[in-house]
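This report refers to the structure that appears directly beneath it.
The values are calculated or read from the model by the stated rules, or taken from the named source; none is laboratory data. None of the values given here were measured: they were computed from a predicted structure. In this analysis, Cβ positions are derived from the backbone assuming ideal geometry, glycine residues included, and neighbour counts consider all displayed protein chains. Only protein heavy atoms, including side chains, enter the accessible area calculation; ligands, DNA and RNA are left aside. Shrake-Rupley method; radii C 1.70, N 1.55, O 1.52, S 1.80 Å.
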Amino acid sequence: MARVPSSVVAAAGLVGGYAVARWTKKRPLGGVVLGTAGLVAGREWHRRGGTPAAAGLGALYLAGFAGAHPLAKKVGAWPAVIGAAGVVAATSWAVADRG
């Protein structure tokens, strides 16, 4: 079975978590998506880069989630979420997925 890059999992967690919370109007359900993807990506970050990489990327993932909230007030919700997901995905690719 092909391995899904951790960068894709992390970006999908941020975008998917927001989408689920918005469309179901159940924020905790979006949190489940966000958290599950974060755990899956975190396990891969640890496997590929060790504890320092997993800790740094995990902190960035949480910062992307938290930072999208105030950014959304300035640029809109979807652009903020997609921007945060892009930063997390690019960094994850550079640290853990790049061969």
### Query
How far is helix 77-92 tilted off the main Cα axis of the chain, in degrees rounded to 10, range 0 to 90?
10
### Query
Under the rule of -39500 (n - 2.57) per DSSP H run of 4 or more residues, summed and divided by the residues of the chain, what mean residue ellipticity at 222 nm is obtained, to the nearest 500 deg cm²/dmol?
-30500 deg cm²/dmol
### Task
Using the charge dipole of the chain (Lys, Arg: +1 at Cβ; Asp, Glu: -1 at Cβ; taken about the Cα centre), state which of Thr51, Gly76, Ser7 has its Cα farthest towards the positive end.
Gly76
### Query
Counting only the heavy atoms of the protein chains, how much of Thr36 is accessible to a 1.4 Å probe, in Å² to the nearest 10?
80
### Task
Counting only C-alpha contacts under 8 Å and six or more residues apart, can you give the relative contact order of the chain as a whole percent?
36
### Query
To the nearest 10 degrees, how steeply does helix 6-24 sit against the main Cα axis of the chain, on a 0 to 90 scale?
20
### Message
Please report, in whole Å³, the volume per residue of the convex hull around the C-alpha atoms of the chain.
### Response
91
#### Entry: Residue with peak Gaussian network fluctuation, the chain [Cα springs, cutoff 10 Å], from Ala12, Ala68, Ala59
Ala59
### Summary
Measuring from the longest principal axis of the C-alpha atoms of the chain, the long axis of helix 27-75 (C-alpha) lies at a number of degrees, nearest 10, equal to 10
### Task
Using a 1.4 angstrom probe on heavy atoms only, work out the carbon and sulfur share of the accessible area of the chain in %.
71
## Note on the structure
If every Lys and Arg gets +1 and every Asp and Glu gets -1 at its Cβ, then about the Cα centre the chain yields a dipole, in debye to the nearest 20, of 260
### Query
Which whole-number value in Å² is the accessible area per residue of the chain, probe 1.4 Å?
59
